[in-house]
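All remarks here apply to the structure that follows.
The values are calculated or read from the model by the stated rules, or taken from the named source; none is laboratory data. Everything numeric here is computed off the predicted structure, so don't read it as measured data. Neighbour counts run over all protein chains shown; Cβ positions are idealised from the backbone, glycine included. In case anyone asks, the SASA skips ligands and DNA or RNA and just uses the protein heavy atoms, side chains included. Shrake-Rupley method; radii C 1.70, N 1.55, O 1.52, S 1.80 Å.
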Amino acid sequence: MINSLKLIPLLVIVLILSACSGVTGKEVTVGGKNFTEQYLLSEMTAFLLVEEGFKVNQMNNLGSSVVRSALINGQVDMMWEYTGTALITYMGEESISDPEAAFDRVKELDSENNIHWMNMSEVNNTYALAMTSERSEELGITSISDLADYINDNPGELTMAADAEFANRSDGLPGVEETYGFSFGSGQVKQMDLGLTQRSLDNEQVDVSVAFETDATIRSYDLVVLEDDERFFPPYRIAVTINEEVFEEYPEIEEITARLADRLDSNIMRELNYLVDIEGQSVSVVAYDWLVESGLLEEE
């Protein structure tokens, strides 16, 4: 990895390349939400597009509904979006457990908004249940079915950390318990802020925690994500969403962003999030380094 001292030269290179690319007349605005994973996706996309002669403007650090509105009204030309967010939150549909079917459905529905979906990746930022690797190995629990069997055989023994929303929503813990046929029981679920749930595992205050698959804390606390073998949690796979007119004008964007989508998965995204959130590295440096190391960008 290049160190942070190279950040300023790196940004200068990006600015120069972006300015030079403006000569081609190709220009797009890439949007992003207000958390690390989205900053990284936006930055990596910008690097690749600049390399291919685009002038790239970025509109990051936006709330989910804000950047979605910006995409629909044309203030943003493209962004990485989650299939589950689009299907359930934006479109008010029931969740679909099959990732390809969910992608096809949001692509169909969003065509009415002049939005084109493409290049779904293996990154899945969905809900998950996690345990420490030590506790998982000790109890022989690697899937939610294993967890259900253990709780049914040992009622009242295990505790769980969850935020209030996950603990009470039908598509959260109550739905997990119903689908897998178990219950933590009264007083066994400790409600706390979402940012504290994995820490409570690390501190051995609970046995199980709610998490998101690409959380940096999964690595930093050496956690095991339990396999959702009944596929209860809806897929939140990331894919490129782009204004239809922009896509028609620059169809090469599909091939450019496919290079990124084809390489990314939840483990890689978790590692990149870790470098920013836990190690404190710059988003630009982490994005650039990974693109170079993956052979998607030539080092300047």
Legend entry - Residue count for segment 284-300, restricted to those that are within 11 Å of Phe47 (Cβ to Cβ), assigned to a helix (DSSP H, G or I) and either in contact with a Pro (Cβ under 9 Å, 6 or more places away or on another chain) or hydrophobic (A, V, I, L, M, F, W, C) (or both): 4
Legend entry - Among residues of segment 204-238, those that are of a type in the set (Lys, Arg), in contact with a Ser or Thr (Cβ under 9 Å, 6 or more places away or on another chain) and open to solvent by 50 Å² or more (accessible area, probe 1.4 Å), counted: 1
Inset, instruction - For segment 71-100, enumerate the residues that are open to solvent by 40 Å² or more (accessible area, probe 1.4 Å) and within 20 Å of Ala261 (Cα to Cα). - result: Asp98, Glu100
Inset, instruction - Look through segment 132-171, keep the residues that are over 20 Å from Ser186 (Cα atoms) and open to solvent by less than 20 Å² (accessible area, probe 1.4 Å), and return whichever of them is nearest to the chain's Cα centre (by Cα). - result: Ser143
Inset, instruction - Look at segment 178-197 and say how many of its residues are open to solvent by less than 70 Å² (accessible area, probe 1.4 Å) and without any contact (Cβ under 8 Å) to a residue 24 or more places away in the chain. - result: 2
Legend entry - Given (1) in contact (Cβ under 8 Å) with a residue 24 or more places away in the chain; (2) farther than 20 Å from Arg237 by Cα; (3) touching a helix residue (DSSP H, G or I) at 6+ places or on another chain (Cβ under 9 Å), number of the condition Thr126 does not satisfy: (2)
Inset, instruction - Kindly state which helices (runs of 4 or more DSSP H) lie completely within segment 162-280 and contain at least 3 residues that are at pLDDT below 95, in contact with a strand residue (DSSP E or B) (Cβ under 8 Å, 6 or more places away or on another chain) and farther than 28 Å from Phe103 by Cβ. - result: 194-202
Inset, instruction - Test Gly53 against the criterion of being outside any helix (DSSP H, G or I), small (Gly, Ala, Ser) and closer than 22 Å to Val30 by Cα, and give yes or no. - result: yes
Inset, instruction - Identify the residue in segment 14-66 that is modelled with pLDDT under 90 and crowded, with 16+ Cβ neighbours inside 10 Å and, among all such residues, is farthest from Glu271 (Cα to Cα). - result: Ser21
Legend entry - Number of positions in segment 105-124 that are open to solvent by 10 Å² or more (accessible area, probe 1.4 Å) and under 19 Å from the mean Cα position of the chain (by Cα): 5
